[in-house]
Ligand SMILES: [Zn+2]
């Protein structure tokens, strides 16, 4: 089986240049990959609070409608 050509990529986590034979590799290593994933998928407590407040406001509005 022929080896795939090496590609030079810029890591999306730390911005460093890294080399890989996989065209799908976006990170220099699993550390950067998981760190970036966590950053994109974990909301801050402030964001969660805002979400909670609008959720409660929606619930209250729903109850008002049902009561009327
Ligand atoms: Zn990196």
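Determine whether the range 49-68 contains at least one residue that is part of a loop (DSSP other than H, G, I, E, B) and surrounded by fewer than 10 Cβ atoms within 10 Å (Cβ to Cβ). Checked the range 49-68: at least one residue is part of a loop (DSSP other than H, G, I, E, B) and surrounded by fewer than 10 Cβ atoms within 10 Å (Cβ to Cβ). Here residue 18 clears all of (1) surrounded by fewer than 11 Cβ atoms within 10 Å (Cβ to Cβ); (2) within 12 Å of the ligand (Cβ to nearest atom) except the condition numbered (1).
If the condition is being exposed (fewer than 10 other Cβ atoms within 10 Å of the Cβ) and in a helix (DSSP H, G or I), then the range 35-48 contributes 38, 39, 40, 41, 45, 46.
If only residues of the range 6-21 that are touching a residue at least 12 places away in the same chain (Cβ under 8 Å) and outside any strand (DSSP E or B) are counted, the one that is nearest to residue 38 (Cα to Cα) is 13.
In this structure, is residue 32 in contact with a helix residue (DSSP H, G or I) (Cβ under 6 Å, 6 or more places away or on another chain) and within 16 Å of the ligand (Cβ to nearest atom)? No.
FYI, it's all coordinate maths here, none of it is from the lab. Note that the coordinates shown come from a computational prediction; the quantities given were computed from them, not determined experimentally. Virtual Cβ from ideal backbone geometry, glycine too; neighbours counted across all protein chains shown.
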